[in-house]
Amino acid sequence: MIQTLSQAYGAAAAWRRAWYARDPSRRRRLTQPVVSVGNLRVGGSGKTPIVEYIARLLVAQGERPAVLTRGYGRRVARDGVTVVSDGTRVVAGLDESGDEPLMLARALPGVAVLVGADRYLSGCLAERRLGATVHILDDGFQHLELARDVDLLLVAEEDLQDQPLPAGRLREGLAAAGAADAALITAGYDTAAERIGRGFGISPVFRVTRTIGAPRRVAGERDTVVIPSASRVFVVTGIARPDRFTTDILSVGWDICGAIEFRDHHRFTARDIQRIAVEARAAGAMIVLTTEKDAMRLAACDLGGLQIASVPLIVGVEPADAFQAWLLDRIRNPQSAIGNPQSAIRNPQ
């Protein structure tokens with residue numbers, strides 16, 4: 001039964017994509033170019049850090065990017081568009097924006113962040129009122145209503161063995177990957193990324209790197225914290241893929257003496273904070289560590305004397321110069337993509 005439902009889900013997703021492909025005019029197009037960052041899998045693919053990376057890259061090149069996001073998990077979903085950041089200051093709180101948009105707004109000075117179900121409407125506002133010169137469509141691979149100039153797809157080797165919902169974790173069948181302009185693949189080395197890219201039939205392929213930054217206190221001025229290697233730490237997460245965060249923590253050499261995993265986008269309560277404090281103390285932890293995304297929600301709580309810090313994830317795209325050249329060429333010279341989709345980098349065979 002589940003397999004039948006999975007096949008039906010995949011077929012429906014494929015029909016929807018083909019419906020838009022048959023008539024491009026069915027998609028609405030913004031005046032300024034659109035870069036979509038998306039994935040096939042439900043949750044936990046690292047889209048938000050990639051959005052941040054691309055936004056920083058574009059700002060450094062003199063662009064005024066606007067991030068267009070749905071704002072999943074926000075408590076107050078108003079009609080129309082919510083401006084989380086106008087590019088100069090953050091103007092919406094957690095309830096109106098959601099944790100990931102608020103995290104991006106605080107991390108990206110000079111970048112507008114807008115939340116709304118109608119991302120065409122968000123883009124129009126960003127262009128007309130906030131001076132956006134390029135848009136970054138967050139979680140946009142399945143948002144086919146909006147035309148895009150660059151479709152970036154985050155994929156992993158494990159996706160090759162997965163199935164559409166509900167039997168698996170894929171939003172679409174693997175054949176949908178062929179619609180992407182480039183693959184962003186987390187892998188330890190280039191040849192592994194190229195091999196995975198061939199499995200999806202996507203070219204060009206770029207490799208995503210992951211490192212973690214200095215922990216910062218969740219409360220107050222968010223000062224950095226020195227945590228010596230081998231220190232006992234307690235981990236708290238409310239994200240889709242806590243295993244990745246755990247792996248990042250272990251890679252530094254910290255000793256995880258306990259952990260609590262909440263559901264994705266969990267809103268922490270006073271009872272949660274008390275539970276975390278009791279269990280961390282019982283485990284003999286020096287400090288509690290969490291993600292930057294969770295820190296957005298934890299900071300809204302009264303943490304009392306809880307020693308808790310967030311650990312930022314820092315991503316990169318390699319080869320960095322080639323990716324930048326390829327992306328800027330697609331944005332600024334859209335006709336160059338026709339017949340020459342990857343003039344700037346290697347073409348894996």
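The values are calculated or read from the model by the stated rules, or taken from the named source; none is laboratory data. Note that the coordinates shown come from a computational prediction; the quantities given were computed from them, not determined experimentally. So basically every Cβ, Gly included, is an ideal-geometry build from the backbone, and we count neighbours across all protein chains shown.
Candidates are the residues of the range 1-10 that are in a helix (DSSP H, G or I) and without any contact (Cβ under 8 Å) to a residue 12 or more places away in the chain; the one that is surrounded by the most Cβ atoms within 10 Å (Cβ to Cβ) is A8.
Residue-by-condition table, conditions (1) without any contact (Cβ under 8 Å) to a residue 40 or more places away in the chain; (2) hydrophobic (A, V, I, L, M, F, W, C); (3) in contact with a Pro (Cβ under 6 Å, 6 or more places away or on another chain):
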residue	(1), (2), (3)
V83	no, yes, no
G87	no, no, no
G93	yes, no, no
E96	yes, no, no
P101	yes, no, no
L104	no, yes, no
P109	yes, no, no
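In the range 145-164, the residue that is nearest to A18 (Cα to Cα) out of those that are more than 17 Å from the chain's Cα centre (by Cα), outside any helix (DSSP H, G or I) and not basic (K, R) is E145.
For the range 269-299, the tally of residues that are under 27 Å from the mean Cα position of the chain (by Cα) and over 22 Å from P49 (Cβ atoms) stands at 5. When you look at G168, is it part of a loop (DSSP other than H, G, I, E, B), over 14 Å from R198 (Cα atoms) and either under 16 Å from the mean Cα position of the chain (by Cα) or polar (S, T, N, Q) (or both), yes or no? Judged against the criteria, G168 is not a match.
Across the range 203-219, the qualifying residues are those that are assigned to a strand (DSSP E or B) and among the hydroxyl-bearing types (S, T, Y), and the one among them that is nearest to M296 (Cα to Cα) is T211. Figure legend. Inter-residue proximity from the range 166-192: first residues under 15 Å from A18 (Cβ atoms), second residues surrounded by 17 or more Cβ atoms within 10 Å (Cβ to Cβ) and aromatic (F, W, Y), beta-carbon distance below 7 Å, spacing 6+ or different chains. Indicated pairs: A177/F200.
None of G71, G44 is modelled with pLDDT under 95, crowded, with 18+ Cβ neighbours inside 10 Å, on the phi > 0 side of the Ramachandran plot and assigned to a loop (DSSP other than H, G, I, E, B) except G71.
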